[in-house]
Amino acid sequence: MRTIYYIFSLLGASCVTRALTTLPIKARSQGDFSAFGQNLHLPSPELRDLGTAYARASTNGAILSVACRTAQVALGKAQVETQPLNNTIVDENWSQTCWNTPYCVIQPLDADQVSISLRIIKFFSAQFAVRSGGHSPNPGWSSIGQQGVLLDLQRLNTISLSSDGTFASLGAGARWGDVYATLDAENAVVAGGREPTIGVGGLVLGGGLSHVSNQFGLVADNVKSFEVSLANGSIIDASATSHADLFWALKGGGPNFGVVTRYDIYTVPIHQVWVQINAYTADQAPDVLAAYHAWQVGGASDVKSNVEINIALDSVAVIFIYSEPVAQAPEAFSAFLSSTAVPPVVVALSGTNLTYHELDVILGSVVLPGPARHDYRACSVRLDADLTQAVYSFWREKAVEVHNATGANQTFVLQYIGPNLIQQGRNKGGNPLNIPTGAQQWWTTVADWTNAADDALVRSVSIETTAQWKKLGAKRGSSLPFFFMNDASRDQDPLASYGPESLAKLKQVAARYDPNRVFQTLQHSGFLLSRAGKT
């Protein structure tokens, strides 16, 4: 949904990171390193030199230096970027709020190299961050400063289709645009991310919404199996029949259990979809919201239909997607497309049948603005037309005021979550999200700005809007406690919103597969179980 905002906008820094205390320096000996290095099969000369440096290291920086040099020897220099770092690698993150310079960057080529990297991180007690596509704007979620190591998965980008065409195997660092392009050549589709530049890994671990989630469920619910590198260096496959508890936990439980290196995702029985894209003026937003509510309570019962709505300060974008080719506009969209519906100011794309890949290309073809700071936020409510109109009016007033003061652009985005989406998750083995039953809508926003000094003021719009959703929703009995992880902001607590039973089970799974709590104590940041329920 990030790209939609920019489609119709054409019609009309240092990273802030969590403060970290200096880690205590534990006693070390050359013998300790020698045993570890032999297990990594380090050559004798390097083993001796690194062991000497390890025994002499007296600061965190010195220890990290040995850790990064050890990774270079174990993995090859081409896989480990050390000082001075290549800024192209450092600044790969989408948001400038996450531009930060780690001590070194490890870019493994396969699961074995991820395993070695984790063993090194654990041995040296090095703080680390993991990056798949780097699309999260939350500081520290996929970036880290000089106090640690960035484990960058972008070279794990293989994409292949099974011989029988029933599932695709995707490297954790692959981008969804490349996934669709590769599979399109074989007339295959997986239900994945809605923007081509988003990485596979982070989206799936947060649950993931696709263009066809109304029909097939969350992206995570369509995973066949996960290949996972654990903190102890072992590599396992988690599926419905092997390590089933971990399989369940990874379908929305975040980065708490290991580093997923490969996702096997079932294909869906579609290739072409019907698409239309309309633009409306900002003054038409209330009418567009009314039509969207009408679709939610009527047309959305046709689970092949999806309406993606994105309201900016100066325009409104609406994308209609039907998951099979048709000769004319489906009746499901009559609230928008009938002769009596609110008329668009522009039909940017008349109703047409496209391959899933072609749709992705269109959404990715817009020239986006240059680097900027970004944020988003999550909230969920029952379908309630009056509540939505009231909160939209509240949001617009705040967003316009902040835009005039800072130049920040913000959006108001609604995502329909229907009973079939929720049931699909249950039918496919369940997931930890514990989504409340019944039709609902998940609200999010995208904020874009340039000046770090404006961070608090810009973010105040979404923070106050979320509070308004909760306040008015509680009065009307429409509020829901759930936060969608993929949309949640740094100060929100999606894991706790899954409910105490699900949270307790997630912690049990984490304790089984990461008993030394590497991912809770050394991982730089993220929606971690060690912090859930404490915000």
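Miscellaneous remarks
- Ordering of 106-116, 256-266 by packing is 256-266, 106-116, highest average first (other Cβ atoms within 10 Å, averaged per residue).
- Solvent-accessible area assigned to carbon and sulfur over the chain amounts to 51 percent, based on a 1.4 Å probe.
- For K475, the lysines whose Cα falls under 25 Å of its own Cα, not counting residues fewer than eight places away in the same chain, are K398.
- Extension gain (nm, one decimal) between T437 and R155, 0.36 nm per residue minus Cα-Cα: 97.6 nm
- 1.4 Å probe accessible area per residue over the chain, in Å²: 37 Å²
- Inter-label distance for S393 and Q83, nm, one decimal - labels placed 7 Å from Cα along Cα-to-Cβ: 5.7 nm
- Contour excess over end-to-end distance, with Cα ends at Q423 and D49 and 0.36 nm allotted per residue: 128.8 nm
- Taking Cβ atoms as reference points and 15 Å as the exclusive limit, the residues near S305 contribute a net charge of -3, counting Lys and Arg as +1 and Asp and Glu as -1.
- Residues R531 and D454, FRET efficiency given R0 of 30 Å [Cβ-Cβ distance, rounded to 0.05]: 0.70
- Positive end of the dipole of the stretch 297-435 (Cβ unit charges, origin at the Cα centre): among I422, G351, A399, the Cα lying farthest that way belongs to I422.
- Whole-Hz ³J(HN,Hα) from phi, Karplus 6.51 cos²θ - 1.76 cosθ + 1.60, for the stretch 160-168, glycine and proline x: 8, 10, 4, 4, 8, x, 8, 8, 10
- Each label was represented as a point 7 Å from its Cα along the Cα-to-Cβ direction; for V400 and N39 these points are 6.3 nm apart.
- The stretch 402-535 shape via C-alpha gyration tensor axes, a/c threshold 1.5: oblate
- Model label zone, I463; criterion: amide N under 19 Å from point 7 Å along Cα-to-beta-carbon; scope the stretch 492-509: 492-494
- Dipole moment magnitude, nearest 20 debye, the chain about Cα centre, only Lys, Arg, Asp, Glu C-beta charged: 1820 debye
- Residues with amide H under 5 Å from that of K224, placed H, sequence gap 5 or more: D264, I265, Y266
- Taken about its Cα centre, the stretch 422-535 carries a charge dipole of about 540 debye when Lys and Arg each add +1 at the Cβ and Asp and Glu each add -1 at the Cβ.
- Spacing of the two label points (7 Å from each Cα toward its C-beta) at V345 and A294, in nm: 2.1 nm
- Amide H partners (placed H, <5 Å) of A378, local residues excluded: S489
- Neighbourhood charge, 14 Å Cβ-Cβ cut-off, centred on A511 and excluding it, Lys, Arg +1 and Asp, Glu -1: +2
The values are calculated or read from the model by the stated rules, or taken from the named source; none is laboratory data. Just so it is clear, the structure is predicted and the values come from calculations on it, not from any experiment. Heads up, the Cβs are rebuilt from the backbone with ideal geometry, glycines too, and the neighbour counts pull from every protein chain shown. Only protein heavy atoms, including side chains, enter the accessible area calculation; ligands, DNA and RNA are left aside. Shrake-Rupley method; radii C 1.70, N 1.55, O 1.52, S 1.80 Å.
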